[in-house]
Every structure is written in structure tokens, then in C-alpha cells.
Amino acid sequence: MRVVADTNVLVSALIFPGGAPESVYRLALEGRIELVTSRPLLAELGRVLTAKFGWGAERTEEAVAEVIRLVELVEPRQPVAEIEADPADDRVLEAAEEGHANAIVSGDRHLLALGSWRGIRIESPASFLATL
């Protein structure tokens, strides 16, 4: 199963151990799901870890490098303009479409409100784990 884990899921997995986001991340580490992402999403991960959580550059680079080793990196070719309230969320949709994802796992209310998009289901980490 190919999955795009939204930045908020990856951040939670890295910072708050023991929750559903970490369980999703562990599925990827165990090879039970394939994570798909893009450069814009990796850049957002780095920005959030540094700006919002105060991680230093070296620690952030190591975390992003760990994620890069785990994922399939795609280069979205088609821009998406689906979420007016938060256009940055469209980067998640772009990665999912380009990466032929089966699911998007997110805690973002705008994405979750879609329920699915172009046949790609969108679920919270807990819901994703329950249906896996």
C-alpha cells in the first residue's frame, strides 16, 4: 500500500513517541507500507521541526535524511488547487497523485474534510491503522 504521510503525521511520529502517527511511521520502517513524498513536503518537514519545535540544523537534517531513506520521492508534474482555505495542503494531494498513493494519512482538518480525493482515501492516523 502506497501512502503519503502528511507533515503533521511525520512531525508527530518524530516528536511524540507512542501514538498513532509513530505507529504509521513504524509500518513504513517495517516495510508494511510504502511512504511517498515530495521535495516540497520534505522542505515543510524541515521548516516545522526547526521553526516550531526549535530543532537545530544538524538534528533536523538527520531527521529529514532518515525520512528520505525511507520514502519514494516523487516530483509532482501537475499543480493542484483544491483547498482554498490552505493552499499548502495541495502539496500533499500533488504528491499522492504523482506517487499513485492509495491513501493520505493526515491530521489536517482541510484534508480530512475531503474524505477522499480522486480515489485516494484520506484518513487520520488512528482511522488508517484501524482499517489497515
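Just so you know, all these numbers are worked out from the coordinates, no wet-lab data involved. Note that the structure is a prediction, hence the values are computed from the model and not measured. Quick reminder, even Gly has a Cβ in these numbers, built from the backbone with ideal geometry, and neighbours come from all protein chains shown.
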Please give, to one decimal in nm, the separation of the simple spin-label points placed at residue 70 and residue 100, each 7 Å out from Cα toward the Cβ. 2.3
Ranked output for segments 89-99, 36-46 by mean other Cβ atoms within 10 Å, highest leading, reads 89-99, 36-46
Check: C-alpha center region 28-56 vs C-alpha center region 105-130, spacing in Å is 18
Which length gain, in nm to one decimal place, applies between residue 88 and residue 61 when the Cα-Cα distance is subtracted from 0.36 nm times their residue separation? 7.5 nm
Evaluate the distance, in nm, between pseudo-label points positioned 7 Å from the Cα of residue 1 and of residue 43 along their respective Cα→Cβ axes. 3.1
Filtered trypsin sites (Lys or Arg not before Pro), region 1-41: DSSP coil and at most 15 other beta carbons within 10 Å: 32
Assign unit charges at the C-beta atoms only (+1 for Lys and Arg, -1 for Asp and Glu), then state the dipole size of the chain relative to its Cα centre in Debye, rounded to the nearest 20. 240
